[in-house]
Amino acid sequence: IRLLPDFSTWARAFFSDDFTRDATAKEKFWKDPKVPELLAKLAEALANLKAWNHDACDHATRGVAEAADVKAALLINATRVAIVGQAVAPPLFDTMVALGQQHVVRRLHEAVSGAAKA
């Protein structure tokens with residue numbers, strides 16, 4: 001964030017579910033055809049977490065990536081775009097904790113639904 005007006009765009013997803021996913025970020029990080037399926041599997045894994053903290057989110061995300069035999073970075077970057085709409089944001093797992101389990105899981109489902117329509 002360089003200018004104060006940038007804050008409203010960059011931080012919108014932290015305060016509202018009404019945000020737009022950056023088209024350039026989607027194009028860059030959702031180009032792999034596996035992304036919708038990975039996001040759906042991650043949503044399921046995160047929904048089933050008993051503890052909602054940095055380490056649990058990290059472990060679940062990396063576990064989904066490992067099970068799918070893809071690099072964790074693919075899923076981490078795609079997830080960031082799905083839940084905050086930007087390619088650049090605070091560290092993903094801290095962001096997930098701050099947003100809360102229900103918001104993150106819902107946003108992942110919405111991203112998968114939106115990707116299927118595209």
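Each reported figure results from applying straightforward, stated rules to the coordinates on display, with no laboratory input. If you're wondering where the values come from, they're calculated on a predicted model, not measured in any experiment. Here Cβ is always computed from backbone atoms with ideal geometry, including for glycine, and neighbour counts include all displayed protein chains.
Please list, short to long, the whole-number percent of alpha-carbon pairs of segment 22-117 in consecutive 5 angstrom bins beginning at zero.
Here the calculated profile for segment 22-117 is 2, 15, 29, 29, 18, 6, 1.
Would you mind checking segment 62-104 for residues with the amide N under 15 Å from a putative spin-label position 7 Å along Cα→C-beta of Lys34?
Backbone N within reach: 62-79.
For an R0 of 22 angstrom, estimate the FRET efficiency from the Cβ-Cβ distance between Glu110 and Glu44 and round to the nearest 0.05.
0.90
Run the quick spin-label model on Ala72 and Gln101: label points 7 Å from Cα toward the beta carbon, then report their separation in nm to one decimal.
Here the answer is 2.1 nm between the modelled labels.
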